[in-house]
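Notes for the one structure printed next.
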Amino acid sequence: MLCRALFGAAAVVLAAAACPARAGMLAQVIPAKLNLTVRPGEPVTRDVVVTNQGDVPVVVRPRWSDLLVDGAGNLTLLPPGSIPASLVGMVRIDPLQFSLQPGESGVVHVTLTLPPDGPPTRWGVLLSEVRPAVATQCRLGPRIAGQLGTTIYLSNVPPDRIHAEMIALEAACLGTDSIAVRVGLRNAGERHFYASGQVSLSDSSGTVLRSGSIPTGVVLPGVTRLFTWTGEAGLPAGRYKLTATLDSGEPELLVGESWIDWRVTPGGLERVATAQPARP
């Protein structure tokens, strides 16, 4: 798969320096993601739990970071105030530092306030830096450290006002036996949403010959996100129906269809496939 999330359901840190074998550091943060619908000007507080799952004491230092997500789903951490939808100056974190013994958990209180003006949806990441409470004596390599992320989306737009549009569906050959399917999904609304789905290749009789899943990814307001699925094709030359079905959280699924010509030539495999799918 080409699309991967930066933060999983349970973010974990495993780090090591160029030192002799010693106790390891392992930590977890819950939740890894928060989607909050709020009223402008009214503060909302949520708790983020950091757990020391390792066997050494650690120090946790929470801080705020902006998050940039491009059309391919790549995520970049930026200093607060770097993007128009930043929550800089609208986030209060408490405490700013605490210690955890092995097996112990600590709570970070995050208070956010969406202003009455500006973008109606804003987002960022609470980063919890985890370091050993006692610095290593080894002078080789970097100090052991890691960062756990909780992505937070804040919006005054209700979830039922999501507006997703599938604007492109295409396929390309990868070598002689694999295929890459790309689906373009545009967020024409003012609230972020998550999308996932399925793609399939079928013959003229409607029999599905190949299928796969598109992993869940976020689509930010005003952004066109490109979802990609790659899989084994191994099909004989012929004409096949490509179907993409995406769930964006709206009452109706988004469905796009395209016919592709799968041709074998002396120089290898060729294909022709481009379409502008529409909502059913």
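The values are calculated or read from the model by the stated rules, or taken from the named source; none is laboratory data. Treat the numbers as computed from the prediction; the structure is a model and nothing was measured. Because the Cβ atoms are built from the backbone with ideal geometry, glycine has one as well, and the counts that use them run over all protein chains shown.
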Filtered residue count, segment 188-216, keeping only those that are over 16 Å from L253 (Cβ atoms) and part of a strand (DSSP E or B)
7
If you go through segment 166-175 one residue at a time, do you hit one that is assigned to a strand (DSSP E or B), of a type outside the set (S, T, N, Q) and without any contact (Cβ under 8 Å) to a residue 12 or more places away in the chain?
no
Consider W229 carefully, then state whether it is touching a Lys or Arg at 6+ places or on another chain (Cβ under 9 Å), over 14 Å from R182 (Cβ atoms) and assigned to a strand (DSSP E or B).
no
Only residues in segment 78-103 that are under 23 Å from V49 (Cα atoms) and acidic (D, E) count as the first member; pair them with residues that are modelled with pLDDT of 95 or more and surrounded by 11 or more Cβ atoms within 10 Å (Cβ to Cβ), Cβ under 8 angstrom, at least 6 apart or cross-chain, and list the lot.
D94/V108; D94/H109; D94/T111
Please state which of the following conditions R122 fails to meet, knowing it meets all the rest: (1) at pLDDT below 95; (2) under 23 Å from T216 (Cα atoms); (3) not acidic (D, E).
(1)
Criterion: surrounded by 15 or more Cβ atoms within 10 Å (Cβ to Cβ), at pLDDT 95 or above and part of a loop (DSSP other than H, G, I, E, B) - qualifying residue of S128, S86:
S86
Only one of R225, R191 that is in contact with a helix residue (DSSP H, G or I) (Cβ under 7 Å, 6 or more places away or on another chain) and not assigned by TED's automatic domain parsing to the domain that holds A85
R191
Can you tell me which residue in segment 35-56 is nearest to the chain's Cα centre (by Cα), limited to those that are polar (S, T, N, Q) and surrounded by 12 or more Cβ atoms within 10 Å (Cβ to Cβ)?
N35
